[in-house]
1. With a 1.4 Å probe and all protein chains kept in place, how much accessible area does S98 have, in Å² rounded to the nearest 10?
2. For L75, L127, what's the largest-to-smallest order of accessible area, 1.4 Å probe?
3. Report the one residue of L193, G211, T183 whose Cα lies farthest in the direction of the positive end of the charge dipole of the stretch 163-216 (charges on C-beta: Lys and Arg +1, Asp and Glu -1; origin at the Cα centre).
4. Let me check I've understood the local charge: for A85, count other residues with C-beta under 10 angstrom from its C-beta, Lys and Arg +1, Asp and Glu -1. What total comes out?
5. Mind pulling up the Rg/Rh value for the stretch 102-200? Radius of gyration and Kirkwood radius, both on Cα.
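The values are calculated or read from the model by the stated rules, or taken from the named source; none is laboratory data. These figures come from a predicted structure and were not determined experimentally. Every residue, glycine among them, receives a Cβ derived from its backbone with ideal geometry; neighbour counts consider all protein chains shown. Calculation scope for accessible area: heavy atoms of the full protein, side chains included, ligands and nucleic acids excluded. Shrake-Rupley method; radii C 1.70, N 1.55, O 1.52, S 1.80 Å.
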Amino acid sequence: MNSARRSGMGRNRTLGTMLLAAALLSASTGAEADTKGFMLGFGLHYSGIGAEEESAASPESSVFVDEDGGGATLLLGYGFTPAFALRLALNASNHETSDSDVEVLYANSTIEAMYIFRDGRPFRPYLFGGIGGCSLESRDDPFRYETTGAGTAVGAGFLYFPGEHFAFDGAVRFEFINWDKATAELVTDQGTLTVETPIEEEGSAFKIVFGVNYWF
């Protein structure tokens, strides 16, 4: 299931807005940042997933997923030093399809290491990378189809602290997935029929995230 719709211009505008905001924040004054201890974060994101375009050879029964979607991000972390932190990142986004009755949920969870620059400053850029698991699920009752696999994530972002513990958070992240299993379930009056199939496919995704953090 994939989509032919693309929005490269929209992505570029969003990324440009994010870079402009980072430049303005870096020039402004704020509070001394504290990135040691526990952290809780929440954000909203644009999600772009790799897609195969619809073609004349595509079967009539095919359902194509829209590349562009949106969702939410939850972060739980701990800063061991002002410059180094580990965090758990949970992401989920919805993507429409060419069938109005079917939507796709793309989700992943990763353990990520962060390196945060400019110790003590209000504007703090950071780099991150991590590993975890990914899933892509579609549901059209009584049928459910899901692919799962391991993935890695890398990216860059910035924190801006208007106060000592509260921060605005913006980031771009790239996700690379090795899909290794597909599961199909059909619910009938006699019970649930499940079929699992090993697969070997690669995928990718891209996110632009805006949110807030609180460092305890």
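1. Its heavy atoms expose roughly 80 Å² to the probe.
2. Values: L75 15, L127 90 Å².
The residues order as L127, L75, largest area first.
3. G211
4. Values: positive: K36, R87; negative: E112.
Counting the neighbours of A85, the net charge comes to +1.
5. Numbers: Rg = 19.4 Å, Rh = 16.2 Å.
A ratio of 1.20.
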